Each structure stands twice: as structure tokens, then as C-alpha cells.
Amino acid sequence: MLGSPSDRTLKKTKGKIELSPLAVVGGEIGKARKGRRMSTLRVSQITRIPERYVQCIEAGDFASLPGKPFVFGFTRTICALLALDADPYIKVIKAEMYESCNDEPGIQPSPINPVAVLRRLGIGRRTG
């Protein structure tokens, strides 16, 4: 199990401290925000993403976001605001957090018969 965000951020290798790929992604997004002279509050106001999630993304703490759709959606929205190409960042996030997941749902919904649905709702033609 992963520890605190700071445990996931820094790795010590042969006397050198390396940032995790997620921390690098967050750092790049934060750097772009600062380059545009915007606060995390301003990004939050414009995108309607809670400020705490903007801060989590910049810290590379994507695990604190509510779920996979929010991780990708928030990242794409912030990147669009900052005129960044989100695709390279999304690839890194997928590789680090969701490498064992595939994009296909495990359970396929059954085909819907619109006539049967309308009958159940008491709408539509009745026979007999």
C-alpha cells in the first residue's frame, strides 16, 4: 500500500533524490501555472475544480483525487487552461497508476429494447 504523498514523491537512489514520474507531471503543470502568473485559487475558479484537487495534481498526488475519470478529466482541463498538451501527462499517469487496468468495462450492459421499456413505463401502444 502506498504511504503518504511525500513517501510516493521522493525516491533515494545511490545518494541522489529522484522525483517520481507523477511528481514530475505535477511539477510541470505547477510550473506552467506559475509561468502564467496564476494562483491555484484562480485555476480553481476558472475550471471549477476544487482548489485542493488542483494542489494535489501539482503535488503529483493523483491518488487523492476521487477516481480515474476525475484524474484524467481534471488533468486535461487544467492543461487546456494552461495551453499544455495533456496527452503526454495522461500517458504517464496511466502507466504509473492504471497500468493493470484496461479501458474496456468488465460487464457489458444488455441491449435495451425501447418498446419493452416504454411498456414497463406504461407508455406506448397497448395491444388487446
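Each reported figure results from applying straightforward, stated rules to the coordinates on display, with no laboratory input. Note that the structure is predicted; figures quoted are calculated from it, not measured. Note that each Cβ is placed from the backbone with ideal geometry, even for glycine, and that neighbours are counted across all protein chains shown.
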**Message:** So if I place +1 on the C-beta of Lys and Arg and -1 on the C-beta of Asp and Glu, and nothing else carries charge, what would the dipole magnitude of segment 5-99 be about its Cα centre? I want it in debye, nearest 20.
**Reply:** 260
**Asked** Does segment 5-99 classify as rounded, prolate or oblate by the C-alpha gyration tensor (a ≥ b ≥ c root eigenvalues; a/c under 1.5 gives rounded; else a/b over b/c gives prolate, otherwise oblate)?
**Response** prolate
